[in-house]
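Undergrad: Below is a structure I'd like to ask you about.
Please treat every number below as a calculation from the coordinates, not as lab data. From a predicted model like this one, the values you see are computed outputs, not experimental measurements. Positions of Cβ are backbone-derived with ideal geometry, glycine not excepted, and every protein chain shown enters the neighbour counts.
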Amino acid sequence: MRGFYAALADWERAGTPFTLVTLLDAQGSTPRQAGTKMAVSAAQVLGTIGGGTLEFEAIALARRLLADRAARPVTRKWPLGPTLGQCCGGSVTVSFEPILPPALSLAIFGAGHVARALVEVLGPLPHRIDWIDARAQEFPDTLPAPVAVHVTDRPAAEIAKLAAGCFVLVMTHDHALDLDLTAAALARPDLPYVGLIGSKTKRARFLKRLAAIGLGDAAATRLVCPIGLPGTGGKAPREIAIATAAQLLQIAGGAPVPAVGVYSAEEENHARDES
C-alpha cells in the first residue's frame, strides 16, 4: 500500500481531484475484504475493490461525485448477486469520499511587504499557497500551515511546476524578474489568473515588452495589473493585501477575472510597485 499512498500524495501535490473509495463492510462471499481502498480521478484509477460490475459502478459513481464537486462523503450498499449480477453471494458497503483541491491555489512570487501582508491575510484560510523567492532571509520564521516556501535562484522555472488552475501573483523586488515571471505565466493558458503588482503605467510598459516576445494578445486579455478590488484606495501593504485577497477569493468563488486595461486613478492606488 506504500505505492498507493505515495501516488495519492502526488495527486494532492498536483491538485488532482479524486474520490477515495473504501469497502466499509463485506458480508458473505465478496471479492475483497473490508478496508480495501481504491482511488479514482477523472483519468486514472489506483488500486481495486475486486473488479467486475461492482468496481465499474463504483468508478462511475466516484467520477460523478467529482463532476458534481460533491463536498460530502456518500455511502452505498450493494448486494452483489441481486443488484449487480455477480456470482458472489455477499454484499458490500462502500464509502465514497471526494478529495477536492482547495478553492484557491495560489503562487506568490516575491517576499516583499505586500506579499508578507497577503500571506498573513490568506494564510489562516484553507487554501494552498506556494511562496517563491530567492532570498531566504525575507520569509518569516513561522508560517500558516497552507503555505509552502520555495527558495530558489530560478523562480521563473517554478511556473512550469504549477498545477493547472493555479492563480499567480507576481510582486518581486526586480522589474526584469517580474517580466520573466509574467511572460512564463501568460504562456500557460491553464493558469486562470495572472496578477502583476504595479500601476497602470507599469502595465503599459509590460504590454509593450510582452508584445515584443509574442505574448501581446495574452497580455492584453489576461494580465491583471493593477491588482485588487477597486474602490478602497489604500496604499499601505495591508490595505493592498486585503483588496487583493478579496479579488482572489471572489474569482475563486466563480466571479470572472476582471476586465483589464481600464482603470480609474483611484483604482491604480491598489497596487503600487514595491521597488
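Undergrad: Just to check I understand the Karplus step: with θ = phi - 60° and J = 6.51 cos²θ - 1.76 cosθ + 1.60, what whole-Hz values come out for region 186-193, glycine and proline as x?
TA: Taking θ as phi minus 60°, the curve returns 5, 6, 10, x, 8, 9, x, 10 Hz for region 186-193.
Undergrad: Another one. So what are the ³J(HN,Hα) numbers for region 107-121, from phi and the Karplus equation (6.51, -1.76, 1.60; θ = phi - 60°), rounded to whole Hz, Gly and Pro as x?
TA: Each residue's phi maps through the Karplus curve to give 10, 10, 9, x, 10, x, 4, 5, 4, 5, 5, 5, 5, 4, 6 Hz.
Undergrad: Here is a further query. If you line up the long axis of helix 237-252 against the longest principal axis of the chain, both from Cα atoms, how many degrees apart are they, to the nearest 10?
TA: It is inclined by approximately 40 degrees.
Undergrad: Find the centroid of the Cα atoms in region 179-247 and in region 12-42, then give the distance between the two in whole Å.
TA: Centre-to-centre (Cα) distance: 42 Å.
Undergrad: Checking the a/c ratio against 1.5 first, then a/b against b/c, what shape does the Cα gyration tensor give for region 2-99?
TA: prolate
Undergrad: Which of the listed residues, Ala71, Met38, Leu249, is farthest toward the dipole's positive end in the chain, when Lys, Arg count +1 and Asp, Glu count -1 at the beta-carbon?
TA: Met38
Undergrad: Sticking with this one: Using only Cα atoms, tell me the angle between helix 52-67 and the longest principal axis of the chain; keep it within 0 to 90° and round to the nearest 10.
TA: 20 degrees
Undergrad: So if R0 is 41 Å, what FRET efficiency would Gln27 and Leu143 give, r being the distance between their Cβ atoms, rounded to the nearest 0.05?
TA: My answer for the efficiency is 0.30.
Undergrad: Rank these for me by crowding, Ile227, Ile213, Ile242, going from fewest to most other beta carbons within 10 Å.
TA: If I rank by nearby Cβ atoms, fewest first, I get Ile213, Ile242, Ile227.
Undergrad: Still on this structure, I have one more. Report the calculated FRET efficiency for Lys208 and Ala157 (r = Cβ-Cβ distance, R0 = 22 Å), to the nearest 0.05.
TA: That gives a FRET efficiency of 0.30.
Undergrad: So what is the calculated 222 nm ellipticity per residue for the chain, using -39500 (n - 2.57) for each DSSP H run with n of 4 or more, over all residues, to the nearest 500 deg cm²/dmol?
TA: -10000 deg cm²/dmol
Undergrad: Around Ile99, which amide H atoms from residues at least 5 apart in sequence, or from another chain, sit under 5 Å from its own amide H, with H modelled in the peptide plane?
TA: Distant-sequence amide H within range of Ile99: Phe18, Thr19, Leu20.
Undergrad: As I understand it, the dipole of the chain uses +1 on the Cβ of Lys and Arg and -1 on the Cβ of Asp and Glu, about the Cα centre. Which of Ala236, Leu61, Cys225 lies farthest toward its positive end?
TA: Of the candidates, Leu61 comes out farthest on the positive side.
Undergrad: Let me know the volume per residue of the alpha-carbon convex hull for region 105-268, in Å³.
TA: That works out to 104 Å³ per residue.
Undergrad: Between Ala134 and residues 5 or more places away or on another chain, which pairs have amide H atoms under 5 Å apart, with H built 1.01 Å from N, and which residues are they?
TA: For Ala134, whose amide H was placed from the backbone, the distant partners under 5 Å are Thr152.
Undergrad: Turning to a different aspect of this structure: Just to compare against my own numbers: the Cα pair-distance distribution for the chain, 5 Å bins, whole % per bin, please.
TA: Taking every Cα pair in the chain, the percentages come to 1, 6, 12, 14, 15, 12, 9, 8, 7, 6, 5, 4, 2, 1, 0.
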